[in-house]
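Q: Pasting a structure here, questions to come.
Quick note: the coordinates plus some simple rules give every number you see, no bench work behind them. Since this is a predicted model, take the numbers as computed values, not measurements. When we count neighbours, we look across all protein chains shown, and the Cβ atoms used for this are built from the backbone with ideal geometry, even at glycine.
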Amino acid sequence: MNRARENSWLILIGIVGAIFLIGAPQVLELFTIINLTTAIAMALLALSLGLVWGFGGILCFGQSTFFGIGAYAYVVAAINFGGTSWAVVVAILVAAAFAAVLGYFMFYGRVSDVYLGVITLTVSLIFYNLMRRTSGPEYKIGDALLGGFNGINAPPLNVPGNASWILFPEDVFYVAMAALIIGYFGCVWLVRSHFGRVAVAIRENELRAELVGYDVRLQKLLLFAVGGGIAGTAGVLFANGVGRVTPDVFNLYNAALIIIWVIVGGRGTLIGPVLGAFGLFYLISSLGQQTSINNNLVLGVILVVFVLLVPKGIVPTVIDLWDRKRGRRGQFRRHGRRQRRRGSRTAETRHEG
Amino acid sequence: MDLYIALALQIVYGIANLVLISLGLAIIFGMMRVINLAHGEFLMLGGYTVVISTNAGLNIWLAMLILAPLVVGIIGVIVERVMIRFLYGRMVDTLLATWGLSLVLIGLVTTIFGAQTATTISPPIGAIQIGDFTSSGYELFLIGVTIILSILAYCALKYTRIGLIARGTMQGAEIASALGVSTSRTYAITFGVGAAVSGLAGGLLAPITGVLPSIGATYIAKAFITVISGGTAILAGTLSASTLLGGVNSVLSYLTGPTIGEVGLLVVAIVLLRLMPQGITARLFRRSL
Amino acid sequence: MKGEIVVETRGLSMHFGGVVAVDQVDFNLRENELRCLIGPNGAGKSTFFKCLTGQLKPTFGDVVIRDLNVNRAHSHEIAGLGVGIKTQVPNVFEGLSVQENIWLAARRFHPAARARSLVEETLDRVRLTDIRREVVNELSHGQRQWVELGMVISAEPWLVLLDEPAAGMTHDEVLLTAELIREINKTASLIVVEHDMQFIRMIADKVTVFHRGAILIEDTMDVVAADPTVREVYLGHRKK
């Protein structure tokens, strides 16, 4: 609500992002930089769900679908085109288009949000089962063998228009980080635009939005497609960070991860999911060093604990605590009351950047 | 002729398989409007119960038909008491919490038994001969179990007190809760029964599929589709959706292979969703169980 | 008679299973008219209202708004014709501020600059300028009703459909609401569903009485109030 305070945070985020963009490759080892590229892809993916769920109120449990489709489409197109310039565009468009088609069936069928969550998750799992079966030589798109369980090697990005000038891993990091920064501020712009404010209005009260004259189904479909496109972009970056795309991008673990980033970071904010993705990526990498505690177990416990005890997520909770400490009683009271009145709908209502 | 019998059997088995893996989920959904995302892990736990107890020397029939539903049913009741009951009325949070539970269960089983299972068990019934074709006797047995299970569910819904409450809830959750019947005990029992049915299904399928900590994921996609396509009527929904989707899947799989079968199932489900967003039983068979 | 017919229903019926909520209603509203729909609970007036606003699709019959058949139209399409709709339960964007609520309505059919000035104008008309930055779910019931009224009028509709605009308001708030409605009537035709008789006396021009899903009588408030049948089904019913 406090636009001035929000803007100063945005400036701070921009500065930190820019320092990270320029500074990280200077001080970190190559191995870390490559890992970071993957983490950035994850953060962009988290951002896409933060937009769709946190602002549009669309409960998508299968954001991994568009992520995976983006990754596969990028690889398949790059192999067929013999360069990545257009493959990136194709990947983003295919992911967005698939989201639009799926969205058409769900929003125009007026599926309720709980169903929507389960349906999107199911679609992702079907893709997982499907892609695992594509190991034979008959499963190919153009020149690209889909490779079943083992997936396909991802051609690295090249300089647009010059397929022989292939980017180094450091360069890919720059591209990924720039994409994240652009994606983030693009989303900030979007939620402040008329379109974004209508999305929030629909989240708040669908019937009222309709009576005021907004076509709720179309609005949701468009937002969902934008979210799908961003997730697809994340898929392209992921394919570059890991160097390979396998059916695992669609699996249950991946789908759960995205939800957990957003829950932990906080719905109704854009920076929350991004920080959630980075934080959990770091946590899981550290856990990867040992074998006694299973990742699933840790993530499951985190999810249950947050749903039961910190339903708003870290960033909104910290903002609340901060406000309370600063004696902004009014603002705190407002949050408390809102929470009670809405019960299950824990969607956060302020537009923090 | 024998070919047609074998093919028909295959289709019926495809349908029975869907009913089996979906029924536990449908019971919990129909009565509580809770979609249990840990459903796949309940199946997985049923499978582990059977494999471990059989390898420990227990009779496989006892393990499958008694122990698996018992163990998973008790786990279900515990889960309802310590987690789900705090979240009633908060549909989205319930979904998320059961998803967390799903991950916890996968993690626990992996930690205890490892990511792969070393030992598997073989079906206790061998192949049988239909003319020139052999058919799996165990699949026939599963078809029989599914039929018996459906009849039991029908009787339970029709003639027991909890069945009466269930029917009330299926007609409209508000009415049932206005009558004050949705006591927490009913919910705990429902969740337990749903879990037990899932445990039974997981146990029965273990000899065919083997067990893995992550095997739940291979079941739940189909189970979710079936239950959502079916709608809130527990039995009619599961049976009609299984017949449609299982039929399409089996026929397409027979004609072109399992990959297209899977795609066909998804496409039919999504088109169905556009035509009947509340599921088959919201449009057809309205007053059914 | 006033101007041309702007809303017309022909044989409008709404069935829920075996229940006939609205039974073959023929209804006309003329330009610049202010019409009140009254009737006891369950008379079908709210269902009729929902058919007009596209929230329900009639089982039989037609709804015609300015020569356009809107039977199958969605609510947003009806709103797009320039119709302002307020529902029975206050439907507002709970977590947003008063001015954001009104802006969203004003901006729908107006460019940004015009929308901004409409917001100022509307805030003034519904007397919410002082609390424009408050979040709506902190406001009193009456204020929330006004936010919704503000959303309705900020889009500059030529036809306004209000379902119980004075429900749950204090006496003073009711007076102000009546004043506001008469003011809206200067630029728009109105249909107001209400069962607060005092409030209807304040605003009513012509009254349509619903009973058992059909129109019982349609006349001025004085005639309606004197009608013995109306007294029996509705007024008498209330006094009991």
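Q: Roughly what angle does helix A:194-204 make with the longest principal axis of chain A, taking Cα atoms, 0 to 90 degrees, to the nearest 10?
A: So the helix axis and the longest Cα principal axis differ by about 70 degrees.
Q: What GluC sites (Glu not before Pro) in the stretch C:1-43 are in a loop by DSSP, with at most 12 other Cβ atoms within 10 Å of the Cβ? Display every interim value, and only then the final one.
A: Working: sites: C:Glu4, C:Glu8, C:Glu31, C:Glu33; in loops: C:Glu4, C:Glu31, C:Glu33.
Taking the stretch C:1-43 and a limit of 12 other Cβ atoms within 10 Å, the loop GluC sites (Glu not before Pro) found are C:Glu4.
Q: Separate question: Return the subset of A:Lys220/C:Lys186; A:Lys220/B:Lys222; B:Lys158/C:Lys45; C:Lys45/C:Lys186; B:Lys158/C:Lys50 for which the Cα-Cα distance in this structure is over 28 Å, preserving the input order.
A: Values: A:Lys220/C:Lys186 37 Å; A:Lys220/B:Lys222 26 Å; B:Lys158/C:Lys45 39 Å; C:Lys45/C:Lys186 24 Å; B:Lys158/C:Lys50 37 Å.
Long pairs (Cα-Cα over 28 Å): A:Lys220/C:Lys186; B:Lys158/C:Lys45; B:Lys158/C:Lys50.
Q: Right, next: Find which of C:Gln99, C:Leu139, C:Gly213 sits farthest along the positive direction of the dipole of chain C, computed with +1 on the beta-carbon of Lys and Arg, -1 on that of Asp and Glu, about the Cα centre.
A: Selected residue: C:Gly213.
Q: Here is a further query. Using Cα atoms only, what is the angle between the long axis of helix C:141-154 and the major principal axis of chain C, expressed in degrees (0 to 90) to the nearest 10?
A: Taking Cα atoms only, the helix is inclined about 80 degrees.
Q: A follow-up question, please. Can you give the FRET efficiency to the nearest 0.05 for C:Ser140 and C:Phe60, using r as the Cβ-Cβ distance and R₀ = 35 Å?
A: Values: r = 41 Å, r/R0 = 1.19.
In this case the efficiency is close to 0.25.
Q: What are the trypsin sites (Lys or Arg not before Pro) within the stretch B:239-289 that DSSP puts in a loop, where the Cβ has at most 10 other Cβ atoms within 10 Å?
A: Sites meeting the loop and neighbour criteria: B:Arg287.
Q: Tell me the Kirkwood hydrodynamic radius of the stretch A:96-207 in angstroms, computed as one over the mean inverse distance between distinct C-alpha pairs.
A: It works out to 18.3 Å.
Q: Separate question: Pairs of Cα atoms under 8 Å, at least six residues apart: use those to get the relative contact order of the stretch A:3-252, whole percent.
A: Over the stretch A:3-252, the number comes to 39 percent.
Q: Nearest 500 deg cm²/dmol is fine: what mean residue ellipticity at 222 nm does chain B get from its DSSP H runs of n ≥ 4 alone, each adding -39,500 (n - 2.57), divided by its residue count?
A: Value at 222 nm, helices only, nearest 500: -25000 deg cm²/dmol.
Q: Here is a further query. Whole-Å semi-axes of the stretch B:53-144's equivalent ellipsoid, largest first, each the root of 5 times a Cα gyration tensor eigenvalue?
A: Taking √(5λ) for each eigenvalue gives 35, 18, 14 Å, largest first.
Q: Count the net charge of all other residues whose Cβ sits under 15 Å from the Cβ of B:Cys155, scoring Lys and Arg as +1 and Asp and Glu as -1.
A: So the environment of B:Cys155 carries a net charge of +3.
Q: Could I ask something else about it? Let a ≥ b ≥ c be the square roots of the eigenvalues of the Cα gyration tensor of the stretch A:229-293; is it rounded (a/c under 1.5), or, if not, prolate (a/b larger than b/c) or oblate?
A: Oblate.
Q: Mean projection of the alpha-carbon convex hull of the protein assembly as shown over all orientations, in nm²?
A: Across all orientations, the protein assembly as shown yields a mean hull projection of 41.5 nm².
Q: So, one more: I need to check one value: relative contact order of chain C, counting alpha carbon pairs closer than 8 Å and at least 6 residues apart, in percent.
A: The value is 25 percent.
Q: Which distance in nm do the two modelled labels at A:Glu6 and C:His171 give, with both placed 7 Å along the Cα-to-Cβ direction?
A: 4.3 nm
Q: Lys and Arg at +1, Asp and Glu at -1: add these up for the other residues within a Cβ distance under 14 Å of C:Arg114 and post the number.
A: In short, 0.
Q: Expressed as a rounded percentage, what relative contact order does the stretch B:201-284 have, with Cα pairs under 8 Å and six or more residues apart?
A: 30 percent
Q: Using the eigenvalues of the Cα gyration tensor, what equivalent ellipsoid semi-axes result for chain C when each is taken as the square root of five times the eigenvalue, whole Å, largest first?
A: With the √(5λ) rule applied to chain C, the semi-axes are 29, 21, 16 Å.
Q: Show that you can apply the helix-only estimate: for chain A, add -39,500 (n - 2.57) for every DSSP H stretch of four or more residues, divide by all residues, and state [θ] at 222 nm to the nearest 500.
A: Helix-only estimate at 222 nm: -24000 deg cm²/dmol.
Q: Related question: Starting from one equal scatterer on each C-alpha and no solvent at all, send me the Debye-based log10 I(q)/I(0) for the stretch B:2-213 at q = 0.15, 0.16, 0.18 Å⁻¹, two decimals.
A: Debye curve over Cα of the stretch B:2-213, log10 I(q)/I(0) at q = 0.15, 0.16, 0.18 Å⁻¹: -0.97, -1.07, -1.25.
Q: Evaluate the charge dipole of the stretch C:59-115 about its Cα centre and quote only its size in Debye, nearest 20, assuming +1 on the Cβ of each Lys and Arg and -1 on the Cβ of each Asp and Glu.
A: Here the stretch C:59-115 has a charge dipole of around 160 debye.
Q: If you wrap the stretch C:127-240's Cα atoms in a convex hull and average its projection over all directions, what's the area in nm²?
A: 8.3 nm²
Q: Using the Kirkwood formula over every pair of different C-alpha atoms, what hydrodynamic radius in Å results for the stretch C:91-156? Before the final figure, lay out the partial values.
A: Working: mean 1/r = 0.0894 Å⁻¹.
The answer is 11.2 Å.
Q: I'd like the per residue volume of the convex hull spanned by the Cα atoms of chain A, given in cubic angstrom.
A: That works out to 148 Å³ per residue.
Q: Right, another one. I'd like the Kirkwood hydrodynamic radius of the stretch A:3-154, using the inverse of the mean 1/r over distinct C-alpha pairs, in Å.
A: About 18.0 Å, per the Kirkwood formula over Cα pairs.
Q: On to the next question. As I understand it, the dipole of the stretch A:3-252 uses +1 on the Cβ of Lys and Arg and -1 on the Cβ of Asp and Glu, about the Cα centre. Which of A:Ala4, A:Leu180, A:Tyr128 lies farthest toward its positive end?
A: The listed residue farthest towards the positive side: A:Ala4.
Q: Which value, in debye to the nearest 20, gives the size of the charge dipole of the stretch C:91-156 about its Cα centre, when Lys and Arg are +1 and Asp and Glu are -1 at the Cβ?
A: Dipole about the Cα centre, nearest 20: 200 debye.
Q: Apply 1/(1 + (r/R0)^6) to the Cβ-Cβ distance of B:Val251 and A:Arg110, taking R0 = 45 Å, and write down the FRET efficiency to the nearest 0.05.
A: 0.90
Q: Can I ask one more? Taking every DSSP beta bridge that has both residues in the protein assembly as shown, what percent is antiparallel when rounded to the nearest 5?
A: Percent antiparallel among DSSP bridges in the protein assembly as shown is about 65.
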